[in-house]
Amino acid sequence: MTVTSTELKANSRDIRPGRIIAWTLLLIGGLIMITPLLFMFSTSLKTSGQVYDLRLIPAAPTFDNYIKVLGDGRFMQWFLNSTIIAVTVTISNVFFDSLVGYTLAKFEFRGRYFIFLAILSTLMIPTEMLVIPWYLMSSQLGWLNSYWGIMFPGMMTAFGTFLMKQFFEGVPNDFLEAARVDGLNEFTIWWKIAMPMVVPAISALAIFTFLGNWTAFFWPLIVTTSKELYTLPVGISSFSAEASIQWELIMTGAAIGTIPTLLVFLLLQRYIVRGVMLAGLKG
Amino acid sequence: MASANAISQTGPVRFWDRLNISTKRVIWAWAFLAVPIIFYAGIRFYPTFQAFWLSLTNWDLLRPAQFIGFANYQKMFADPVFWKVFQNTFLYLIIGTPVSLVISFVIAYYLDRVKLMHGFIRALYFLPFLTTAAAMGWVWRWFYQPVPIGVINGFLSSVGIPQQPFLRSVDQALFSILIPAIWAGLGFQIIIFMAGLRAIPSTFYEAAKIDGLGDWAILRKITIPLLKPTTVFLVVFSSIGFLRIFDQVYNMTSNDPGGPLNSTKPLVLMIYQTAFSSYQMGYAAAQTVVLFTILLIVSLLQLYVLREKK
């Protein structure tokens, strides 16, 4: 977006009441958007006796709920499971989706277009259609109730492959040729020369894959029956159903599931917003 | 020992050296694609065909699958619950997609012009996108409780509006679930709309201003038409999301999933219950084929309709 100096002047002179009203409404709307999050945190700091007091700021905030919920170890285990799974799947996607995207963008061979179309066509297949065959496969191969069982369907995605292909197409061939003349092998050229040139795309892919797997619910719910292997969302769901009407504990569990992504966002806000824009526009 | 090693190494090296550069690159390409091809064949394509096949069987986890033709489909189309679920799924789509797109466009349109505290206000709208639907389903469920627990009813009673049943009502429950679903997706749509708005070259706006067009005319004649690719993407993306709604419904109605009286049950929840509560795997597979068909038709239709309009 280029803003000329005349436009800037026009903008600063342009403080009309309409603008102020629009700004105020936007701010109010934004505050309404985070109201559920504020109430969740507020209630997680209340005792069971104070839950009916609907004031946003707790009269006597306490971390007792967190101690209680984290104390029995289950949440720690689910947190660990979710972290291991989301990190592993993200690494796998960054590696394989980039490798395939690069191959489809930069190599010429018979069958390239067919492979591309075949991978792209899997975007049309909803996960829900595959879960029954995946469940059958997992039970036959002993993958039920295992990290691998939760992870295997997402190890590569057509979305990531397509995104990376788009970006690798923008990498100039001269760089790759120069490396080839220097005698580097193709794998090294991809890893050492091409990959560093698409870092924004890699971070976009990593953010999306991590978030998608961190919040994933449907497949982990199906493939895990033993509580030790639940991911955080499945754990929160089962814990909340058990806690029944102890809302302060339910809110604490929900907060524990929400805090990590919010923290990461606050630290990496610019990259995340840019990553979402990149993925949305190119993907 | 050393010489034997040297000989066995020179063999393949010589063979490799004799190949010309383009052949070498083809071999590299297929080597890179080997594992992904096995993955896509084994974990995407084979299961897809298997789902179609299972939909023609009576497989129930206990006995081996037997071919029963289209009996599952006949049973489904004769089942009033399926039609109720079908209707619910489309209600989520028909209300959710336009409402969320209009709201997110209006917010993006104004937010794009805001300079004061831009990043902060944007963050407020974006934060819900980063939450876990399973967790937020419970937060909203708590919001909808009757007094003295629920925040919304508490607010309503303080301004003198009668109590609303929300999740307990056959008429209100579906909308009560739709609100958090729209809420969670808004931030993403706003960010994408803003990216689309910024991709419009400013020369268009300058030309329009010289021609003396007002804000409204610029919006109608320049912004909205030039934003079409972004809009098409978001319509398809959010429609697919609403057609596949599950997490919110499951968590907000977990004591009677899809209730009250199936009034909130979407297709994916029906699939889940048929497969993993009553273990009628063949019947559930037939339902997934219907979901697949709906998603395919909706995506193709929307791409077609939006492409036709200028």
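We did not get these values from a lab; they are worked out from the coordinates using the rules stated. For clarity, every value in this text was computed on a predicted model and none was experimentally measured. Neighbour counts run over all protein chains shown; Cβ positions are idealised from the backbone, glycine included.
Which of the DSSP-defined H helices in chain B satisfy a minimum axial length of 18 Å, computed from C-alpha atoms, and a minimum mean Kyte-Doolittle hydropathy of 0.0?
Long hydrophobic helices here: B:21-40, B:80-111, B:173-198, B:228-243, B:281-308.
Please compute, for peptide A:27-40, the average count of beta-carbon atoms on other protein chains lying within 10 Å of each residue's beta-carbon.
6
Determine, for each peptide in A:140-153, A:262-275, B:140-153, B:172-185, the mean count of other beta carbons within 10 angstrom over its residues, then list the peptides with the highest first.
Packing order, densest peptide first, comes out as B:172-185, B:140-153, A:140-153, A:262-275.
Can you grab the distance from the C-alpha centre of the range A:215-283 to the C-alpha centre of the range A:25-66, Å, no decimals?
If you average the Cα positions of each part, the centres end up 19 Å apart.
State, as an integer percentage, the relative contact order of the range A:145-283 based on alpha-carbon contacts under 8 Å between residues 6 or more apart. Walk me through the numbers before you get to the answer.
On the way: 84 pairs, mean separation 46.5, N = 139.
It comes to 33 percent, rounded to a whole number.
What's the FRET efficiency of B:Asp211 with A:Leu31 using the Cβ-Cβ distance as r and R₀ = 45 Å, to the nearest 0.05?
With R0 = 45 Å, the Cβ-Cβ based efficiency is 0.70.
Need the C-alpha centroid separation for the range B:140-216 versus the range B:20-90, integer Å.
Between the Cα centre of the range B:140-216 and that of the range B:20-90, the gap is 36 Å.
Taking 8 Å as the Cα distance limit and 6 or more residues as the minimum spacing, I'd like the relative contact order of chain B as a percentage.
This gives 27 percent for chain B.
Calculate the mean, over all residues of peptide A:48-57, of how many other protein chain Cβ atoms lie within 10 angstrom of the residue's Cβ.
2
Which of the listed residues, B:Leu267, B:Val298, B:Ile182, is farthest toward the dipole's positive end in chain B, when Lys, Arg count +1 and Asp, Glu count -1 at the beta-carbon?
After comparing all options, I get B:Val298.
Return the distance in nm (one decimal) between the two label points of a simple spin-label model at B:Leu116 and A:Phe63, each offset 7 Å from Cα along Cα→Cβ.
A separation of 3.8 nm, rounded to one decimal place.
Rule-of-thumb check for the protein assembly as shown: C-alpha Rg over 2.2 N^0.38 Å? Please list the in-between numbers first.
Details: Rg = 26.5 Å, N = 593, 2.2 N^0.38 = 24.9 Å.
Cα Rg divided by the expected 2.2 N^0.38 Å: 1.07.
Please list the non-local residues whose amide H lies under 5 Å from the amide H of B:Thr57, H modeled 1.01 Å from N, same-chain partners needing a gap of 5 or more.
Correct list: B:Ile68.
Structure shown: which of B:Lys228/B:Lys265; A:Lys68/A:Lys227; A:Lys46/A:Lys68; A:Lys106/A:Lys192; A:Lys192/B:Lys24; B:Lys75/B:Lys265 lie over 21 Å apart, alpha-carbon to alpha-carbon?
B:Lys228/B:Lys265
For chain B, what does the helix formula give at 222 nm: sum of -39500 (n - 2.57) over DSSP H segments with n ≥ 4, over the residue count, nearest 500 deg cm²/dmol?
Only helices count here, giving -22000 deg cm²/dmol.
Evaluate peptide B:29-40: per residue, the Cβ atoms of other protein chains within 10 Å of its Cβ; return the mean as an integer.
Numbers: counts 11, 5, 3, 10, 10, 0, 6, 10, 4, 0, 8, 9.
Partner Cβ neighbours, averaged per residue: 6.
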